[in-house]
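To keep things clear, I will list the structure first and then write my remarks on it.
The values are calculated or read from the model by the stated rules, or taken from the named source; none is laboratory data. Since the model is a prediction, treat every value here as computed from it, not as a measurement. Glycine gets a Cβ as well: all are built from the backbone with ideal geometry, and neighbour counts include every protein chain shown. Ligands, DNA and RNA are stripped out before the accessible areas are found, and what is left, the full protein with its side chains, is counted by its heavy atoms. Shrake-Rupley method; radii C 1.70, N 1.55, O 1.52, S 1.80 Å.
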Amino acid sequence: MTKFTDLPLHPKVLKAIEEAGYTEPTPIQADAIPPACEGKDVLGIAQTGTGKTASFTLPMITLLNRGRARARMPRSLVLAPTRELAAQVAENFDIYAKYTKLTKALLIGGVSFKDQDALIDRGVDVLIATPGRLLDHFERGKLILSDVKVMVVDEADRMLDMGFIPDIEEIFKKTPFTRQTLFFSATMAPEIERITNTFLSAPVKVEVARAATTSENIKQGVVMFKASRKDREGSEKRKLLRALIDGEVDECTNAIIFCNRKSDVDICAKSLKKYGYNAAPIHGDLDQSQRMKTLDGFRDGTIRFLVASDVAARGLDIPNVSHVFNFDVPSHAEDYVHRIGRTGRAGREGTALMICNPRDEKNFADVERLVKLEIPRVNNPIKAGPANDEKAPDEKSKRGRGRGRKKDDQAEAPVEAKVEAEPKAEKPKRERDGRGRGRKEHENKIVGLGDDVPGFIAMSFAERAGSDEPTKLETEEN
Ligand code: AMP
């Protein structure tokens with residue numbers, strides 16, 4: 001078995017690795033580090049969680065240790081598809097380069113150009129950037145790429161999904177063709193293959209796991225779910241999500257909940273919070289400082305449920321995620337692999353549960369085909385018995401606090417009535433967002449009272465349907 005000391009890494013890097021507590025290289029590190037240290041191009045086919053960040057950061061630090069950075073002329077470039085991923089690479093760099101004098105700058109959107117310019121002006125060894133932001137700096141004449149000796153492209157398949165390939169090509173063209181390229185992608189789509197054929201020179205190909213494989217230490221399950229009525233789908237699905245979380249209460253220390261749409265990320269996070277779950281949303285429309293704050297909170301355990309979009313969560317390294325809940329079946333089957341790969345990292349046990357409604361069945365079939373596995377069907381915990389959403393003791397106490405005892409929170413209340421409780425707790429905007437629905441739909445949501453809906457109740461629903469004011473809703477809820 002390879003040891004880190006067998007690899008041609010600089011002693012200062014080895015010291016930092018030892019301090020990080022790594023005892024032996026992961027397969028991608030064992031295979032990619034030697035050719036990378038020799039100055040060869042590397043094409044790494046690997047997902048996150050395999051240790052791929054260190055497989056390019058460690059050789060980069062070793063190679064750059066000699067020489068000095070010049071003003072505005074970075075000596076190496078790491079391109080990552082999202083701000084979070086770029087920030088994560090920067091954190092890794094700080095850990096592994098702590099005994100060197102190498103400097104870095106992180107160029108990501110949402111951070112002022114002024115501070116970034118000041119760093120670049122001073123000269124940096126490593127520039128870690130998202131493609132758009134890097135080109136912005138270049139076009140403002142603040143950056144010269146002719147001294148780039150090593151260029152890393154991380155998560156190229158995600159770059160493809162996000163439409164960054166033209167930017168990547170442009171950046172490749174602005175760097176010297178003599179540069180060394182370390183290129184990582186979880187899959188080799190034809191477009192990725194074309195890029196690597198064009199810009200890599202006789203790369204050493206290193207492949208550690210097929211993108212379609214899901215870890216054996218992840219327990220998977222799917223609940224086939226059909227809403228009682230179309231206009232109740234959202235609230236019933238969120239109710240089911242809570243029941244699934246509560247059903248896992250003993251094992252679930254924290255979880256990432258994936259939604260396909262950003263609007264659903266917000267709705268879901270808000271809904272969970274209303275029910276006393278410690279949840280926060282993360283997606284591309286939130287500002288950078290908010291995203292960082294949320295991620296830090298999730299990492300340090302102050303946030304337990306991270307509700308996320310694929311783009312925001314892709315590639316994030318958060319060890320110790322016990323559960324992944326797929327609120328929606330992803331529309332690209334490969335995203336399923338990436339999503340559930342957030343749990344069960346580094347050999348730990350993980351659980352991944354998904355909700356599939358009839359509309360998603362085709363996508364679900366694609367997922368099963370891709371992972372070559374029949375994902376076990378899990379009974380719908382709501383149908384199985386009443387009032388499961390009262391299970392989570394730690395959440396329950398929070399839920400009850402300060403609200404009085406709501407009718408829909410009573411354990412003995414019939415399930416169907418409870419399902420309808422949620423619209424009260426959420427702002428009705430979600431139902432109207434972009435779908436042209438609104439008032440009428442909300443008026444329909446009064447159930448459980450037969451035809452004798454008292455006028456004052458009907459009126460309050462109608463009023464709510466017209467309001468986007470959360471404080472008002474909060475007040476009504478309480
Ligand atoms: P990555 O695939 O780069 O996102 O890394 C996944 C996780 O593995 C990160 O938490 C790393 O800190 C960790 N890691 C990287 N290399 C090693 C190693 N050789 N031994 C143990 N953990 C590692």
Handout entry: Over the range 218-371, relative contact order from alpha-carbon pairs under 8 Å, at least 6 apart, %
Key = 32
Problem - Taking the range 241-317 and dividing mean pair separation by its residue count, relative contact order in percent (alpha carbons under 8 Å, at least six apart) - result: 39
Fill in the blank from the handout: Per the rule of 0.36 nm per residue minus the C-alpha distance, extending LYS230 to GLU38 adds in nm 63.1 nm
Practice task
Starting from the amide H of GLN180, placed 1.01 Å from N in the peptide plane, find each other amide H under 5 Å away whose residue is 5 or more places distant or on another chain.
Solution key: VAL150, MET151
Exercise for the section: Go through LYS219/LYS274; LYS262/LYS362; LYS219/LYS239; LYS142/LYS293 and tell me which ones have a Cα-Cα distance over 24 Å in this structure. Expected result: LYS219/LYS274; LYS142/LYS293
Handout entry: Packing-based order for 300-309, 167-176, 138-147, using average beta carbon neighbours within 10 Å, highest first
Key = 300-309, 167-176, 138-147
Problem - Distant-in-sequence amide H partners of ASN326 (H built 1.01 Å from N, under 5 Å) - result: PHE258, LEU353, MET354, ILE355
Handout entry: Computed FRET value (nearest 0.05) for ALA118 with LYS293, which takes r as the C-beta separation and R₀ as 25 Å
Key = 0.60
Practice task
Could you please state how large a percent of the accessible area of the range 218-371 is carbon and sulfur, counting protein chains only and using a 1.4 Å probe?
Solution key: 50
Completion exercise
If R0 = 41 Å, then MET73 and ARG369, at their Cβ-Cβ distance, give a FRET efficiency to the nearest 0.05 of 0.25
Problem - Whether the range 213-309 is rounded, prolate or oblate, judged on the alpha carbon gyration tensor where a/c under 1.5 counts as rounded - result: oblate
Practice task
With a 1.4 Å probe and every protein chain left in place, work out the accessible area per residue of the range 218-371 in Å², rounded to a whole number.
Solution key: 35
Handout entry: Probe 1.4 Å - accessible area at ARG261, Å² to nearest ten
Key = 120
Practice task
Could you provide, to the nearest whole Å², the per residue accessible area of the range 102-184 with probe 1.4 Å?
Solution key: 37
Exercise for the section: Over the range 4-207, calculate the relative contact order: mean separation of alpha carbon pairs under 8 Å at least 6 apart, over the residue count, as a percent. Expected result: 29
Fill in the blank from the handout: Between THR253 and GLU191, Cβ-based FRET efficiency (R0 41 Å, step 0.05) works out to 0.60
